[in-house]
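Reading through the structure tokens given below for one structure.
What follows draws every value from the coordinates through simple rules; no lab data is involved. All of these numbers come straight from a predicted model, not from anything done at the bench. Because the Cβ atoms are built from the backbone with ideal geometry, glycine has one as well, and the counts that use them run over all protein chains shown.
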């Protein structure tokens, strides 16, 4: 089962094509159940160097694999930083595939800077709001 990472924003984000091994963002169709997690108009699936969201999971990775995971977080932060800095609303929802319509078990507010901290890891059934650094 794969980890699924979704990004929502009130402004469009730059999409990228799925060319593994690399981070990418692709728009989620209006019919997808995961959209119920957000009140923001633009929803994207965030894929990783593994072709799915599993590349955001750091658990049990060796140092080389951890660096690849960390690069996924840096790539995500590169996309989110400019829009958050300009005041856009941004949220992340993480779940296992098949749980897209399950309510989040945790919610939190973080900054883009926290997203790229080496100890930070996205957790399943988590809804995070990304805000500007105070």
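If R0 is taken as 35 Å, the Cβ-Cβ distance between residue 125 and residue 30 corresponds to a FRET efficiency of 0.95. In the chain, the DSSP-assigned H stretches of four residues or longer account for a calculated mean residue ellipticity at 222 nm of -6500 deg cm²/dmol, using -39500 (n - 2.57) per stretch and the full residue count as denominator. Residue exposure proxy: 33, 58, ordered by other Cβ atoms within 10 angstrom of their Cβ from fewest to most, comes out as 33, 58.
When only alpha carbons are used to place a centre, segment 20-50 and segment 73-134 end up 13 Å from one another. The Cα atoms of segment 3-131 define a convex hull whose projected area, averaged across directions, is 7.1 nm². With a Förster radius of 22 Å applied to the beta-carbon distance between residue 97 and residue 133, the computed FRET efficiency rounds to 0.10. The relative contact order of the chain comes to 28 percent, based on Cα pairs under 8 Å that sit 6 or more residues apart. Taking only the C-alpha atoms of segment 67-119, Rg followed by Dmax gives 12.6, 33 Å.
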